[in-house]
Structures are given as C-alpha cells and as structure tokens.
1. Within the range B:39-67, take every residue that is among the small types (Gly, Ala, Ser) and in a helix (DSSP H, G or I) and give me the one that is surrounded by the most Cβ atoms within 10 Å (Cβ to Cβ).
2. If you go through the range A:16-55, how many residues are within 12 Å of another protein chain (Cβ to nearest Cβ) and either surrounded by 12 or more Cβ atoms within 10 Å (Cβ to Cβ) or farther than 28 Å from B:GLU30 by Cβ (or both)?
3. What number of residues within the range B:17-57 satisfy the criterion of being touching a residue at least 40 places away in the same chain (Cβ under 8 Å) and more than 18 Å from A:ALA49 (Cβ to Cβ)?
4. Where residues in the range B:18-38 are in a loop (DSSP other than H, G, I, E, B) and of a type in the set (Asp, Glu), which of them is farthest from A:TRP43 (Cα to Cα)?
5. Quick test for you: out of A:ARG56, A:ARG46, A:ARG42, A:ARG77, pick the one residue that is part of a helix (DSSP H, G or I) and among the basic types (Lys, Arg).
6. Going by the conditions given, is A:GLU22 at pLDDT 90 or above, in a helix (DSSP H, G or I) and within 17 Å of the chain's Cα centre (by Cα)?
7. Would you call A:ILE9 under 24 Å from B:GLY41 (Cβ atoms), surrounded by 18 or more Cβ atoms within 10 Å (Cβ to Cβ) and touching a residue at least 60 places away in the same chain (Cβ under 8 Å)?
8. Has the range A:59-69 got at least one residue that is in contact with a helix residue (DSSP H, G or I) (Cβ under 7 Å, 6 or more places away or on another chain), away from every other protein chain (no Cβ under 14 Å), aromatic (Phe, Trp, Tyr) and within 30 Å of B:PRO73 (Cβ to Cβ)?
Amino acid sequence: MTKYETTFILDPGLDEAKVNEEVDHVVQWIKGQGGEVLEVQRWGKRRLAYEIGRRRDGIYTLLLYQGPGAIVKELERRFRLNESVLRSLTVLHVPPELTQPQVDAEALAAAAEEAGDE
Amino acid sequence: MAREREGKGFKKKYCKLCFEKVGFVDYKDEKRLGRFVTDRGKIVPRRVSGTCARHQKQLTTAIKRARVLALLPFTSDFYR
C-alpha cells in the first residue's frame with residue numbers, strides 16, 4: 001500500500017483540547033476507512049511565512065499513513081470543509097533516510113572554503 | 001559557464017546538495033530550502049547557485065510545496 005503524508009495547519013486560536021480533538025478525529029477517521037496511521041508529528045504553533053486569512057501563526061500537524069488512495073481525496077475534501085483547517089498538503093511519503101544529508105554539511109563546507117581560499 | 005570570478009582566480013561552482021549527499025530534497029526542511037531562495041522569496045536559478053539538474057528539479061518542487069504550507073513566502077513584501 002502507498003504511504004502518504006499529510007500536513008495540515010490548524011487555526012492558532014484553538015485551545016489545546018480542541019486541537020487534540022481535531023487530530024484524533026482525523027486519525028480515527030483514517031482508521032475507520034481501512035487506513036493505518038503510522039506516525040503523528042506535532043510541530044506545534046509556528047509562524048506562517050505569510051498571512052492566511054489574517055492569521056500570522058498556525059498549528060502544524062503531520063500525519064504519515066497508508067491506505068487506499070480514495071482516502072486522500074475524501075480527507076482533502078473534509079479539510080476544505082473544516083473551517084479550523086487553514087491549509088493542508090498531501091504528498092507521497094519519501095523515507096526520511098533519503099532526505100537527510102549523509103555528510104555534516106556545515107563543517108565540510110567551512111573546511112572547503114578555507115582550503116579554497118589558501 | 002560554470003565558473004565565477006572571485007578575487008584573482010576562478011572558483012568552480014559545485015552542487016551543494018550533491019556535496020552534502022542529500023538523496024531527496026524535502027519540503028519540510030525549510031532551513032535547507034531557505035538557502036536556495038533570494039531574500040525576496042524567489043528561487044535561485046541554477047546558473048547562480050550551481051545546483052545540479054537533478055537537485056534543482058527536486059528543489060523547485062520542494063520550495064513550491066513549502067510555499068503552500070506557508071513555510072516559505074511566495075513573495076516578500078519587505079522591499080516595498
């Protein structure tokens with residue numbers, strides 16, 4: 001089964017309990033649809049790079065799940081209808097070991113800089 | 001050309017992402033992406049950053065995805 005990851009931004013005005021409720025609701029819903037939630041990452045409240053509907057912050061949550069593709073379409077539709085969700089983005093999951101650099105970049109770059117200047 | 005003038009000699013450009021051995025550029029990694037956008041929020045072209053074709057392609061998608069999630073700006077109004 002394909003793995004998907006969905007990040008969504010919740011209204012910063014929601015209190016902790018409401019946020020938990022929203023996230024749990026989505027997780028339960030995915031399970032109910034025959035999907036399997038593999039990971040829930042909460043990034044917490046973050047500053048937005050630009051305002052979305054007069055809001056400068058957002059509560060970010062990332063879901064990693066697998067299941068039939070039909071889930072994705074319905075999930076996105078639900079997010080659009082849900083007014084406390086400011087934004088959402090679903091992409092195919094890429095294993096994290098691929099996205100991590102293999103070399104300690106800054107140290108090496110600094111060394112290369114110095115060697116280049118000599 | 002892949003060379004830029006720097007001081008007296010020439011300095012060969014290289015792909016910083018190949019150098020770090022990044023297998024796939026991730027949209028969540030806004031710190032790394034931030035190095036490849038100008039302060040106005042534009043994507044730095046390959047001829048300037050020296051990024052290889054493969055990584056530049058991954059970069060553009062990653063940056064565009066990050067913009068949707070407001071991790072990176074579409075534009076910066078700073079200079080207005």
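1. B:ALA62
2. Taking the range A:16-55 as the starting set, the residues that turn out to be within 12 Å of another protein chain (Cβ to nearest Cβ) are A:41, A:43, A:46-53, A:55.
Next, only the ones that are either surrounded by 12 or more Cβ atoms within 10 Å (Cβ to Cβ) or farther than 28 Å from B:GLU30 by Cβ (or both) stay: A:41, A:43, A:46, A:48-50, A:52, A:55.
Selection size over the range A:16-55: 8.
3. So the answer is 3.
4. Filtering the range B:18-38 down to residues in a loop (DSSP other than H, G, I, E, B) leaves B:20-29, B:35-36, B:38.
Still in the running and of a type in the set (Asp, Glu): B:20, B:26, B:29.
Values: B:GLU20: 25, B:ASP26: 16, B:ASP29: 13 Å.
Ranking the candidates gives B:GLU20 first.
5. Details: A:ARG56 fails: part of a helix (DSSP H, G or I); A:ARG46 fails: part of a helix (DSSP H, G or I); A:ARG42 fails: part of a helix (DSSP H, G or I).
Matching residue, one of A:ARG56, A:ARG46, A:ARG42, A:ARG77: A:ARG77.
6. When the stated conditions are applied, A:GLU22 passes them.
7. Values: under 24 Å from B:GLY41 (Cβ atoms): yes; surrounded by 18 or more Cβ atoms within 10 Å (Cβ to Cβ): yes; touching a residue at least 60 places away in the same chain (Cβ under 8 Å): yes.
Yes, satisfied.
8. Checking the range A:59-69: at least one residue is in contact with a helix residue (DSSP H, G or I) (Cβ under 7 Å, 6 or more places away or on another chain), away from every other protein chain (no Cβ under 14 Å), aromatic (Phe, Trp, Tyr) and within 30 Å of B:PRO73 (Cβ to Cβ).
The values are calculated or read from the model by the stated rules, or taken from the named source; none is laboratory data. Predicted, not measured: the structure shown is a model, and the values here were computed from it. Cβ coordinates were reconstructed from backbone atoms using ideal geometry, including for glycine residues, and neighbour counts include every protein chain displayed.
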